[in-house]
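Engineer: Below: one structure in structure tokens.
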Amino acid sequence: MIEKSLKELAQGLAAREFSSVELTQTYLERIARLNPQLNAFVTLDAAKSLAQAAAADARRATGEAAPLLGIPLAQKDIFCAQGWRTTCGSHMLENFVSPYDATVIERFDAAGAVNLGKTNMDEFAMGSSNETSYFGAVKNPWDTARVPGGSSGGSAAAVAARLAPAATGTDTGGSIRQPAALCGLTGLKPTYGVVSRWGMIAFASSLDQAGPMARSAEDCALLLNTMAGFDTRDSTSVERPAEDYTRLLADDAPAKPLAGLKIGLPREFFGEAERAGCDAAVMARVDEAIAAYRALGAETVEVSLPAMQLSVPAYYVIAPAEASSNLSRFDGVRYGHRAPEYTDLDDMYAKTRAQGFGAEVKRRILIGSYVLSHGYYDAYYRQAQRIRRLIADDFARAFKECDVIMGPTSPGTAFRIGEKAADPVQMYLSDIYTIAVNLAGLPGMSIPCGLADGLPAGLQLIGNYFGEARLLEVAHRYQQATDWHRQRPTALAD
Amino acid sequence: MSLTLEQVRHVAKLARIEISDAEAQTALGELNGIFSLIEAMQAVDTQGVEPMAHALDLAQRLRADRVSEVDRREAFQAVAPETAAGLYLVPKVIE
């Protein structure tokens with residue numbers, strides 16, 4: 001049962017082979033047994049999950065048959081879910097029980113999906129290894145001495161270990177794609193504005209975007225159908241007609257299904273000297289995937305993204321600047337932690353925030369406060385916004401030459417827990433291939449493209465604005481022809 | 001450029017985060033490392049480039065000035081550290 005796709009699970013439920021309660025129970029039992037080895041979930045509430053499952057079964061009994069009805073999903077703990085503890089991986093929100101639902105949660109509830117539990121994450125989504133969580137590091141099911149990536153590391157580990165059929169993630173600089181790559185999953189960060197940010201605890205509001213993490217492009221498409229959509233409560237939600245993201249995912253497999261597709265290969269990833277920036281074994285898997293795409297009929301063209309090398313510096317100005325503003329709401333007044341002892345209001349703020357935030361979050365708030373402060377705004381924040389424009393312009397130019405851009409998702413496979421934790425700069429550079437996509441607001445995916453020294457390697461696919469359906473098709477055709485997405489981690493004592 | 005310990009303390013004050021001397025010292029080293037990465041931006045001539053604040057050029061949406069939410073004061077205040085009579089309590093600010 002745990003190897004079934006979402007479509008197969010839906011068929012099983014429709015054929016009454018198993019009920020949603022039975023399915024949910026199966027996953028809850030696996031979580032109870034295996035989560036202690038992984039630390040992928042921070043909050044479980046079996047009674048709530050099973051009540052949702054029973055409600056889904058009751059809806060089915062009345063003849064309802066929505067695609068996600070009765071399907072259990074893990075939710076990243078960044079989404080507020082009414083009655084569920086919602087921590088965002090922080091001591092600040094350790095005891096926060098949300099009084100309302102995020103739009104994403106509301107949409108899954110309406111679709112009849114079951115919330116299996118809340119997954120661990122880097123604190124306030126700031127991290128690339130899941131080590132900044134107040135609730136401890138998450139372990140990679142492929143090798144429990146290694147990180148699952150971050151910030152959606154709990155979701156990635158849960159799906160890879162078959163503790164959930166699929167999960168949600170959020171991606172501000174690579175937080176869906178990088179953990180998907182490091183855990184051997186398929187993850188999609190949609191175009192900025194496609195999925196509502198309402199009730200999704202804000203990190204950097206001009207970059208944050210939620211998306212699905214699953215075992216195939218097909219599963220991601222089904223999830224995105226429910227997640228995407230205009231929402232008046234999110235001021236940057238894009239108003240456009242609803243799309244069926246599965247519409248280009250054909251079952252047939254003609255010899256050259258991608259004939260006519262033009263794949264752009266950026267010189268900044270694939271140039272002779274630039275290749276050295278990536279682990280050789282990962283690069284070899286990426287090259288093999290590109291070759292497989294040529295065999296499917298695609299053509300490749302060289303493109304150039306010269307400003308891309310500035311994406312990490314620009315991001316570490318823009319994201320902390322927005323974070324320092326967003327996180328000013330955590331002041332110990334309306335919700336979350338309040339310091340037990342203080343002298344006056346200012347002291348209460350300062351102690352509350354010193355106690356409630358972890359080291360990485362404080363670091364980013366300090367960077368953000370500095371770059372926005374008097375005398376530094378133009379040199380840093382304004383300059384970063386100008387570079388952001390150059391990066392977006394590079395992509396616009398490249399997409400005149402090609403339909404999709406490909407390259408590695410991450411410069412290496414999963415690193416060891418502790419390996420980069422002491423050096424923020426090294427950690428930041430692990431998102432070198434993903435950050436530019438957020439700055440431009442484009443959709444990006446990561447799909448498994450093989451193993452490098454026994455660990456998953458990810459191929460990144462970058463599409464043009466609102467090109468999710470096409471991206472999913474391109475990923476799906478590869479997954480029809482290969483079985484890297486079906487590889488399963490073996491490190492767990494199952 | 002590099003930051004001074006005084007600047008780190010000042011920024012921490014602006015951010016309302018209490019910071020010990022030892023923490024300020026550690027933060028100084030880390031922030032200088034991060035700013036040496038960020039400095040790469042300064043080499044680029046961006047004259048005439050329009051700053052990009054947002055991924056999509058969206059116009060801010062307006063809504064009619066009508067009540068759209070129900071009053072859920074009790075539910076929202078139930079998660080507050082300290083309330084009384086429907087108000088949030090903070091330490092005394094006016095003598």
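Engineer: Looking at region B:45-65, is at least one residue part of a helix (DSSP H, G or I) and not small (G, A, S)?
Structural biologist: No, the conditions are met nowhere in region B:45-65.
Engineer: For the structure I just gave you, tell me whether A:G229 is touching a residue at least 60 places away in the same chain (Cβ under 8 Å) and more than 25 Å from A:G184 (Cβ to Cβ).
Structural biologist: On the way: touching a residue at least 60 places away in the same chain (Cβ under 8 Å): yes; more than 25 Å from A:G184 (Cβ to Cβ): yes.
Yes.
Engineer: Determine if region A:294-309 includes at least one residue that is at pLDDT 95 or above, within 7 Å of another protein chain (Cβ to nearest Cβ) and assigned to a helix (DSSP H, G or I).
Structural biologist: So far as region A:294-309 goes, no, none of its residues is at pLDDT 95 or above, within 7 Å of another protein chain (Cβ to nearest Cβ) and assigned to a helix (DSSP H, G or I).
Engineer: Let me ask something else about it. Which ones in region A:81-118 are part of a loop (DSSP other than H, G, I, E, B), buried (at least 24 other Cβ atoms within 10 Å of the Cβ) and out of contact with any Lys or Arg (no Cβ under 8 Å at 6 or more places or on another chain)?
Structural biologist: Once the filter is applied, which keeps residues that are part of a loop (DSSP other than H, G, I, E, B), buried (at least 24 other Cβ atoms within 10 Å of the Cβ) and out of contact with any Lys or Arg (no Cβ under 8 Å at 6 or more places or on another chain), region A:81-118 yields A:C88, A:G89, A:S90, A:A102, A:A113.
Engineer: So in region A:393-422, with the set limited to residues that are under 21 Å from the mean Cα position of the chain (by Cα) and of a type in the set (A, V, I, L, M, F, W, C), which one is surrounded by the most Cβ atoms within 10 Å (Cβ to Cβ)? Reasoning before the result, please.
Structural biologist: So in region A:393-422, the residues under 21 Å from the mean Cα position of the chain (by Cα) come out as A:404-417, A:420-421.
Right, trim to of a type in the set (A, V, I, L, M, F, W, C) and you get A:404-406, A:414-415, A:417, A:421.
Details: A:V404: 24, A:I405: 24, A:M406: 25, A:A414: 27, A:F415: 21, A:I417: 20, A:A421: 19.
Looking at the filtered set, the residue picked out is A:A414.
Engineer: Can you say whether A:L163 is surrounded by 24 or more Cβ atoms within 10 Å (Cβ to Cβ) and not in a helix (DSSP H, G or I), as far as the supplied structure shows?
Structural biologist: Values: surrounded by 24 or more Cβ atoms within 10 Å (Cβ to Cβ): yes; not in a helix (DSSP H, G or I): yes.
Yes.
Engineer: So, in region A:440-456, of the ones that are more than 13 Å from chain B (Cβ to nearest Cβ) and within 16 Å of the chain's Cα centre (by Cα), which residue ends up surrounded by the fewest Cβ atoms within 10 Å (Cβ to Cβ)?
Structural biologist: Only one residue tops the list, namely A:P448.
Engineer: Considering only region A:34-52, state which residues are under 25 Å from the mean Cα position of the chain (by Cα) and assigned to a helix (DSSP H, G or I).
Structural biologist: A:L34, A:N35, A:P36, A:Q37, A:L38, A:A46, A:K48, A:S49, A:Q52
Engineer: Is one or more of the residues making up region A:351-359 buried (at least 19 other Cβ atoms within 10 Å of the Cβ), in contact with a Lys or Arg (Cβ under 7 Å, 6 or more places away or on another chain) and at the interface with chain B (Cβ under 9 Å from one of its Cβ atoms)?
Structural biologist: Yes: one or more hits.
Engineer: Return yes or no: is A:A145 modelled with pLDDT of 95 or more, closer than 27 Å to A:A314 by Cβ and surrounded by fewer than 24 Cβ atoms within 10 Å (Cβ to Cβ)?
Structural biologist: So A:A145 does not fit the description; no.
Engineer: Can you tell me how many residues in region A:386-439 are facing another protein chain (nearest Cβ under 10 Å), of a type in the set (V, I, T) and farther than 22 Å from A:Q209 by Cα?
Structural biologist: Total satisfying the criteria: 1.
Engineer: Tell me, which residue of region A:370-385 that is buried (at least 24 other Cβ atoms within 10 Å of the Cβ) and without any contact (Cβ under 8 Å) to a residue 60 or more places away in the chain is farthest from the other protein chains (Cβ to nearest Cβ)?
Structural biologist: Restricting to residues being buried (at least 24 other Cβ atoms within 10 Å of the Cβ) and without any contact (Cβ under 8 Å) to a residue 60 or more places away in the chain, the top hit is A:V371.
Engineer: Now for a separate question. Answer yes if at least one residue in region A:420-439 is modelled with pLDDT of 95 or more and among the basic types (K, R), and no otherwise.
Structural biologist: no
Engineer: Which one is farthest from the other protein chains (Cβ to nearest Cβ) among residues in region A:191-242 that are in a loop (DSSP other than H, G, I, E, B) and of a type in the set (D, E, K, R)?
Structural biologist: Restricting to residues being in a loop (DSSP other than H, G, I, E, B) and of a type in the set (D, E, K, R), the top hit is A:R215.
Engineer: Give the number of residues within region A:412-437 that are in contact with a strand residue (DSSP E or B) (Cβ under 8 Å, 6 or more places away or on another chain) and not in a loop (DSSP other than H, G, I, E, B).
Structural biologist: 2
Engineer: Something else about it: What about B:E82, is it under 23 Å from A:H374 (Cβ atoms), more than 7 Å from every other protein chain (Cβ to nearest Cβ) and at pLDDT 95 or above? Let's see the steps before the verdict.
Structural biologist: On the way: under 23 Å from A:H374 (Cβ atoms): no; more than 7 Å from every other protein chain (Cβ to nearest Cβ): yes; at pLDDT 95 or above: yes.
Answer is no for this residue.
Engineer: Just for helices (runs of 4 or more DSSP H) wholly inside region A:313-409: which have at least 2 residues that are among the aliphatic types (A, V, I, L, M) and in contact with an Asp or Glu (Cβ under 8 Å, 6 or more places away or on another chain)?
Structural biologist: Values: elements: A:345-356, A:359-372, A:383-398.
Passing ranges, in order: A:345-356.
Engineer: Within region B:54-67, how many residues are closer than 30 Å to A:G336 by Cα and either more than 7 Å from every other protein chain (Cβ to nearest Cβ) or exposed (fewer than 12 other Cβ atoms within 10 Å of the Cβ) (or both)?
Structural biologist: 1
Engineer: While we're on this one: Mind listing whichever residues of region B:1-15 are among the aliphatic types (A, V, I, L, M) and part of a helix (DSSP H, G or I)?
Structural biologist: Matches in region B:1-15: B:L5, B:V8, B:V11, B:A12, B:L14.
Engineer: Looking at (1) β-branched (V, I, T); (2) over 25 Å from A:V21 (Cβ atoms); (3) in contact with a Leu (Cβ under 9 Å, 6 or more places away or on another chain), which one does A:V114 not meet, given that it meets all the others?
Structural biologist: For A:V114, the failing item is (2).
Engineer: Then there is this: Can you tell me which of (1) at pLDDT 95 or above; (2) within 14 Å of chain B (Cβ to nearest Cβ); (3) in a helix (DSSP H, G or I) is the one A:H476 doesn't meet?
Structural biologist: (2)
Engineer: Which of the residues spanning region B:24-44 are over 20 Å from the mean Cα position of the chain (by Cα), among the β-branched types (V, I, T), facing another protein chain (nearest Cβ under 7 Å) and assigned to a helix (DSSP H, G or I)?
Structural biologist: Hits for region B:24-44: nothing passes.
Engineer: Considering only region B:1-23, state which residues are at the interface with chain A (Cβ under 7 Å from one of its Cβ atoms) and either in contact (Cβ under 8 Å) with a residue 40 or more places away in the chain or surrounded by fewer than 18 Cβ atoms within 10 Å (Cβ to Cβ) (or both).
Structural biologist: Matches in region B:1-23: B:L14 only.
Engineer: Sticking with this structure for a sec: Of A:A253, A:A273, which residue is closer than 17 Å to A:R470 by Cα and small (G, A, S)? Quick ask: steps written out before the conclusion?
Structural biologist: Details: A:A273 fails: closer than 17 Å to A:R470 by Cα.
From the options A:A253, A:A273, the qualifying one is A:A253.
Engineer: Let me ask something else. Does region A:180-190 contain at least one residue that is surrounded by 15 or more Cβ atoms within 10 Å (Cβ to Cβ) and within 14 Å of chain B (Cβ to nearest Cβ)? Outline the logic, then answer.
Structural biologist: Just the residues of region A:180-190 that are surrounded by 15 or more Cβ atoms within 10 Å (Cβ to Cβ), to begin with: A:180-190.
Subsequent filtering for residues that are within 14 Å of chain B (Cβ to nearest Cβ) retains A:189-190.
Checking region A:180-190: at least one residue is surrounded by 15 or more Cβ atoms within 10 Å (Cβ to Cβ) and within 14 Å of chain B (Cβ to nearest Cβ).
Engineer: Collect the residues in region B:68-79 that are more than 7 Å from chain A (Cβ to nearest Cβ) and surrounded by 15 or more Cβ atoms within 10 Å (Cβ to Cβ), keeping them in residue-number order.
Structural biologist: B:Q77
The values are calculated or read from the model by the stated rules, or taken from the named source; none is laboratory data. All of these numbers come straight from a predicted model, not from anything done at the bench. Here Cβ is always computed from backbone atoms with ideal geometry, including for glycine, and neighbour counts include all displayed protein chains.
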